[in-house]
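Trainee: Starting off with a structure, shown below.
The values are calculated or read from the model by the stated rules, or taken from the named source; none is laboratory data. Computed from a predicted structure; not experimentally measured. Positions of Cβ are generated from backbone atoms using ideal geometry, with glycine treated the same way; all protein chains shown enter the neighbour counts. All accessible areas refer to the heavy atoms of the entire protein, side chains included, with ligands and DNA or RNA removed. Shrake-Rupley method; radii C 1.70, N 1.55, O 1.52, S 1.80 Å.
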Amino acid sequence: MVSESSSSTSSSPIKTVVVLVQENRSFDHMLGWMKSLNPEINGVTGSESNLISTSDQNSNHVFFGDNSAYVDPDPGHSIQAVYEQVFGEPWTEASASKNLAPTMEGFAQNAETTQTGLAETVMNGFKPENIAVYRELVKEFAVCDRWFASVPASTQPNRQYVHSATSHGLSGNDTKLLIEGLPQKTIFESMEEAGHSFGIYYQTPPATLLYRNLRKLKYIDKFHQFDLHFKKHCEEGKLPNYTVVEQRFFDLLSLPANDDHPSHDVSEGQKFVKKVYEALRSSPQWNEMLFIIIYDEHGGFYDHVPTPVKDVPSPDDIVGPEPYNFKFDRLGVRVPAFLISPWIDRGTVLHGPSGPFPSSEFEHSSIAATVKKIFNLKEFLTKRDAWAGTFDVILTRTSPRTDCPVTLPEPMKLREAGSKDDAKISDFQEELVQLAAALNGDHRKDIYPHKLVENMTVSEAHKYVEEAFKKFQDECQRARESGTDESEIVVCATSPMPPSTKSFVHKIFSCLVCDN
């Protein structure tokens with residue numbers, strides 16, 4: 001932890017911070033064309049381009065367009081794919097040793113190695129009228145046009161930075177860490193220590209359970225089913241001080257995904273943002289609220305702003321695994337970021353921060369840094385949030401606005417075909433299944449981790465994670481009823497016996513309890 005003294009009282013008008021993290025889209029891809037609405041936004045003009053081959057100056061140029069709608073397949077966004085996108089050549093140890101400057105010229109080349117024609121997909125963005133919910137938010141509140149992913153890699157490392165300012169060395173999928181849970185301190189615990197509340201509203205079993213400490217018995221009541229509780233808590237003015245909203249990550253015909261991860265329908269994500277915003281807007285807490293919408297990483301889509309590569313501090317000096325040995329000393333690609341509050345003037349554009357260090361940037365750790373400042377928390381989580389810019393500077397009004405829209409526009413449908421329940425699951429969905437296996441005890445089986453997800457369909461995966469989380473919740477409840485210490489973590493037993501052969505004791509204690 002990085003200590004810093006702070007005053008005992010806060011002058012901020014914000015008492016409730018709400019965080020929503022969408023999936024896998026770059027700033028230019030989602031918001032680049034919003035420059036046509038507000039020239040102050042560092043967006044696109046259509047003159048931006050990539051060569052199909054960075055080593056062949058005679059290869060075709062692919063210019064950035066505005067024809068994005070439904071994206072399938074999913075572009076590359078692994079640590080090695082992002083390296084090629086940012087620096088214009090494939091990752092090798094020799095290339096990494098050159099300390100190249102970011103050119104942002106390898107997106108088309110990398111996409112074509114995934115699938116012929118995919119370069120056109122990654123070199124396109126959305127017309128503002130096709131994402132009307134975001135168009136309205138850009139007009140009415142603040143957009144940050146210099147917010148970067150924390151890690152030049154995939155979903156999980158970046159999601160960890162949002163609430164803990166580190167990924168504890170995670171730069172990809174690590175099944176051992178999925179089982180054990182990431183051990184670092186989070187902003188949730190910092191809030192609790194300071195006497196503030198937090199809560200997580202989930203649609204799919206929550207990905208925040210990747211943090212080991214959130215699996216403790218004492219935190220089980222912090223998880224709320226979104227459809228049952230979110231709107232009700234908004235109406236009653238009972239949202240916690242730090243509120244996290246998690247979306248649907250599995251795309252089913254009966255229940256489409258709304259996380260914006262390709263190949264999911266962005267219009268479903270627009271509906272979800274609209275639903276969350278309108279519930280918040282109707283709350284008696286609205287005048288004390290800050291709603292943050294970001295994307296975890298760019299998902300392989302083009303962005304023209306060079307990624308910061310100098311004077312970025314490692315949060316904890318942990319080095320990532322071989323062969324990349326990533327030192328967490330450069331950021332990922334720029335992503336969309338909205339800051340929504342009645343304390344923010346219409347049409348605000350937030351550029352780069354003015355500190356606390358000359359090299360500071362807005363990135364996911366800025367959330368922890370800003371929450372620390374708003375609530376006067378005792379200490380930073382890591383060296384990264386101590387370095388990150390804070391965005392409380394846009395809360396400049398002397399009184400809250402009274403003209404904030406009560407509703408947002410109806411989204412335009414962007415995918416004609418329905419969801420495919422029998423589609424193969426994505427890498428991120430595989431990780432959610434493996435996390436579920438760590439919760440229900442299946443991580444002890446020989447099918448874990450890879451055979452478990454081999455050939456698993458979206459509908460099978462959704463059913464598996466729902467049942468696994470339900471089992472975890474049930475076993476936690478039984479452990480509490482039996483008097484288990486609240487600081488302990490329940491680990492469910494593997495392969496429970498058929499009900500007819502279970503003893504009463506086995507029914508009550510069909511779990512193991514581990515210490516911290």
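Trainee: Rolling a 1.4 angstrom probe over the protein heavy atoms, how many square angstrom per residue are accessible across segment 280-349?
Mentor: On a per-residue basis, 32 Å².
Trainee: Using Cα pairs closer than 8 Å and at least 6 residues apart in sequence, work out the relative contact order for the chain, in percent. Show your work: numbers first, answer last.
Mentor: Details: 1139 pairs, mean separation 115.3, N = 516.
This gives 22 percent for the chain.
Trainee: Moving on to the next point. For segment 414-498, list log₁₀ I(q)/I(0) at each q in 0.10, 0.16, 0.26 Å⁻¹, using the Debye formula over Cα point scatterers of equal strength and ignoring solvent, two decimals each.
Mentor: -0.31, -0.68, -1.26
Trainee: P(r) tail for the chain, what percent of Cα pairs lie past 36 Å? Please list the in-between numbers first.
Mentor: On the way: 37900 of 132870 pairs.
Taking all Cα-Cα pairs of the chain, the fraction more than 36 Å apart is 29 percent.
Trainee: Could you compute the net charge surrounding TYR211? Neighbours are other residues with a C-beta less than 12 Å from the C-beta of TYR211; K and R count +1, D and E count -1. Mind dumping the intermediate values first?
Mentor: Numbers: positive: ARG159, LYS185, ARG212, ARG215, LYS216, LYS222; negative: GLU180, GLU189.
Net of charged neighbours comes to +4.
Trainee: Let me ask another. Do the sum for the chain: with -39,500 (n - 2.57) for every DSSP H run of n ≥ 4, divided by all residues, what is the mean residue ellipticity at 222 nm, to the nearest 500 deg cm²/dmol? If you can, show how the numbers build up before the last one.
Mentor: Working: 17 runs with 153 residues, N = 516.
That comes out to -8500 deg cm²/dmol.
Trainee: Below 8 Å between Cα atoms, with a sequence gap of 6+, how large is the relative contact order for segment 142-195 in percent? Kindly include the intermediate steps, with their values, before the conclusion.
Mentor: Values: 36 pairs, mean separation 15.0, N = 54.
The value is 28 percent.
Trainee: With a 1.4 Å probe and every protein chain kept in, tell me what percent of the accessible surface of segment 252-367 is carbon plus sulfur.
Mentor: 52 percent
Trainee: Might you tell me the accessible area per residue for segment 385-453, computed with a 1.4 Å probe and given in Å²? It would help to have the intermediate numbers written out before the result.
Mentor: Values: 3320 Å² over 69 residues.
Computed with neighbouring chains in place, this is 48 Å² per residue.
Trainee: For ASN124, what residues show an amide H to amide H distance below 5 Å, using hydrogens built from the backbone and excluding near sequence neighbours?
Mentor: GLY65, TYR302
Trainee: When the gyration tensor of segment 60-216 is built from Cα positions, what are the square roots of 5 times its three eigenvalues, in whole Å, from largest to smallest?
Mentor: Working: eigenvalues 206, 111, 45 Å².
Each semi-axis is the square root of five times an eigenvalue, giving 32, 24, 15 Å.
Trainee: For segment 331-432, what log10 I(q)/I(0) values come out of the Debye formula at q = 0.11, 0.14 1/Å, with one point per alpha carbon and no solvent?
Mentor: Rounded to two decimals, the profile gives -0.57, -0.81.
Trainee: Tell me, what % of the accessible area of segment 86-235 is carbon and sulfur with a 1.4 angstrom probe?
Mentor: Values: 2240 of 4850 Å².
Carbon-and-sulfur percentage of accessible area, whole number: 46.
Trainee: Hey, another quick one. Reachable lysines from LYS470, Cα under 16 Å, same-chain residues fewer than 8 places away excluded?
Mentor: Candidates past the 8-residue exclusion: LYS216, LYS222, LYS507.
Trainee: May I ask you to give the solvent-accessible area per residue for segment 1-134, in square angstrom, as obtained with a 1.4 angstrom probe? Write down the numbers at each step before the final one.
Mentor: Numbers: 5700 Å² over 134 residues.
On a per-residue basis, segment 1-134 sits at 43 Å².
Trainee: Residue by residue through segment 444-451, what is 3J(HN,Hα) from phi via Karplus (6.51 cos²θ - 1.76 cosθ + 1.60, θ = phi - 60°)? Round to whole Hz and write x for glycine and proline.
Mentor: 7, 7, 6, 7, 8, x, 7, 5
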